[in-house]
1. Relative contact order of the stretch 64-223, please, whole-number percent, based on alpha carbon pairs below 8 angstrom and at least 6 residues apart.
2. Between the stretch 38-77 and the stretch 138-155, how many Å separate their Cα centres?
3. Counting only protein heavy atoms, what percent of the accessible surface of the chain is carbon or sulfur at a 1.4 Å probe?
4. Determine the relative contact order of the stretch 280-427: mean sequence separation of Cα pairs under 8 Å and six or more apart, normalised by residue count, in whole percent.
5. Explain nothing, just the number: dipole magnitude of the chain about its Cα centre with +1 on each Lys and Arg Cβ and -1 on each Asp and Glu Cβ, in debye rounded to the nearest 20.
6. Heavy-atom accessible area per residue, the chain, 1.4 Å probe: how many Å²?
7. Sort 204, 27 by accessible area with a 1.4 Å probe, largest first.
8. By its C-alpha gyration tensor, with a ≥ b ≥ c as the square roots of the eigenvalues, how is the stretch 64-223 shaped: rounded for a/c under 1.5, else prolate for a/b larger than b/c, else oblate?
Amino acid sequence: QNIHLVAKWLSSLEKKLEQHSESSHRHFRVFISAEPAPSPDSHIIPQGILENSIKITNEAPTGMHANLHKALDNFNQDTLEMCTRENEFKSILFALCYFHAVVAERRKFGPQGWNRSYPFNTGDLTISVNVLYNYLEASSKVPYDDLRYLFGEIMYGGHITDDWDRRLCKTYLEEFIKPEMLEGELLLAPGFPLPGNMDYNGYHQYIDDALPPESPYLYGLHPNAEIGFLTQTSEKLFHTVLEMQPRDTSVGEGGVGTREEMVKALLEEMLEKLMDEFNIAELMAKVEERTPYVVVAFQECERMNILTSEIKHSLKELDLGLKGELTMTSDMENLQNALYLDMVPESWIKRAYPSTASLGTWFADLLSRIKELEAWTGDFSLPSTVWLAGFFNPQSFLTAIMQSTARKNKWPLDKMTLQCDVTKKNREDFASPPREGAYVHGLFMEGARWDAQTGIITDARLKELTPAMPVIFVKAIPADKQDARSMYPCPVYKTRQRGPTYVWTFNLKTRENPSKWVLAGVALLLQI
């Protein structure tokens, strides 16, 4: 409908309602339904109407309890009776409803839930049930593999664009839809077995009676996942409140001078702490052989120079602007706001590495990165343990480990892989690098923890969201020598935002089924 006509009609409706409010019957009510506006400029309901009405919204259900009921609501008793293989059909249908509720609701845990957000919808569920019906009617035994493939790679998988999310979706289906489901005890979640053969209302009743209270356990996650997600939500809220503060006031009673004085002090401190850029020509002259590691060092120095020169240039420019010697531009204004709000300025982010830190922490981290590079380029010998997070491009360093081993042993590079042995020591315990490969430090685990004594992944401790890993010995081996048994292929990300910050996959030892760690969203992080 034409939005201008609607706007016009709404203003005449407002006048009509005003007239009727005085002389009409006391039980007279007007009901108006509306759908969410696609953009702010479509918010055209007059304020008068909004203020005088009781507003009721229909939100999507939250929590597993509501989502599981809602998934089951797409069917009825007739659906349950339509298939000749009644037992198998009902079991898989209920498991699909649980799967549907889990994948939709897991979104609330942020990147530890899914790397990206996907528009799973009821169509995915109802079509999957149709496919299930057709397959069961057509074959003599239940084609579990085919069904999982169709649900996981096509119906639901069709939305998924990230390989790790695809693995997660596949793992849920492997846990929920398998031959054991007809032999009795299959747990959809701890304390929630797959129900037996019931009628439609029986299943709804079963959810009310048997589903444990809402918790990350229902998704295969550790309770810490909720703490992390709630902390991030509240931090976002406080940040928004801070951004909404008026800009032009001094800092209030007992405050530390005006906004400009604060920015000026910070700016001077930063300029003072920033070292000179790396003199690449001079460094190159020192090097006898351009080994893969030396090439990485140069690339890192070049990237660092681009970043530090932008920081110096923009700060000096803002300094002149604040002194009145240059006209303030919008870029300078933005920089001033960022410094005041303790945020990393946009033009720095563009030239830097992914980070979720506030400006103070980010700048201290930048100085550490520069120091690390200075130490390394002092004599170009590999540090006894390498701070993997200190690189713009950690992948290039890990690739260099493979390249230097390949050259030394005359092995083809494309037939190699990295092996990661988690040591029992911390960085202070190492005085020199290994003969081959590298020791790396500064990684954290999210979703579980590493047990250094037994050398395996184990359940996280409550409230320890990202425990530090011991030093990891990374070395290159021929791919066919790799031991894949009792290993969890663990993704390594640069930050807690995961997704596009993916770096590498480290195989970590596990006694439990690796699927447990997949569902728990276990990953290694280079910074927290």
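The values are calculated or read from the model by the stated rules, or taken from the named source; none is laboratory data. Being a predicted model, the structure only gives us computed values, none of them experimental. Every residue, glycine among them, receives a Cβ derived from its backbone with ideal geometry; neighbour counts consider all protein chains shown. Just so you know, the surface numbers come from the protein's heavy atoms only, side chains and all, with ligands and any DNA or RNA stripped out. Shrake-Rupley method; radii C 1.70, N 1.55, O 1.52, S 1.80 Å.
1. This gives 29 percent for the stretch 64-223.
2. 35 Å
3. Here carbon and sulfur together make up 52 percent of the probe-accessible area.
4. Normalised by residue count, the contact order of the stretch 280-427 is 28 percent.
5. Here the size comes out at about 940 debye.
6. I get 54 Å² per residue for this part.
7. 27, 204
8. Since a/c reaches 1.5 but b/c is at least a/b, the shape of the stretch 64-223 is classed as oblate.
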